[in-house]
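Accompanying notes for the structure given below.
Throughout, read-outs are computed from the coordinates displayed, never taken from laboratory work. Everything numeric in this text was worked out from a predicted model, so none of it was measured. With ideal geometry, Cβ positions are generated from the backbone for all residues, glycine too; neighbour counts draw on all protein chains shown.
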Amino acid sequence: MLAAYLISIARVLGRVNAKLREVTTGLHLVTQRTEPIGSIVGEINNDLAGVDKALKALLAR
């Protein structure tokens with residue numbers, strides 16, 4: 001009886017392990033595909049900082 005429970009637990013853990021591998025693979029793909037976006041977002045943030053300063057200077061008049 002105990003052996004049957006342990007075997008069923010081992011099977012469930014095997015399926016969980018397979019799903020975790022799929023998720024990990026997916027996360028690696030997302031990381032690789034979004035990596036180039038970092039520099040673009042940095043440029044946009046710099047541009048928006050300039051716009052923010054200009055608007056604050058305009059409103060301060």
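Things worth noting here:
- Exclusive hit being more than 23 Å from the chain's Cα centre (by Cα), surrounded by 10 or more Cβ atoms within 10 Å (Cβ to Cβ), part of a helix (DSSP H, G or I) and not small (Gly, Ala, Ser), set Leu59, Leu13, Leu27: Leu13
- Options Ser8, Ser39: the member that is small (Gly, Ala, Ser) and surrounded by 10 or more Cβ atoms within 10 Å (Cβ to Cβ): Ser8
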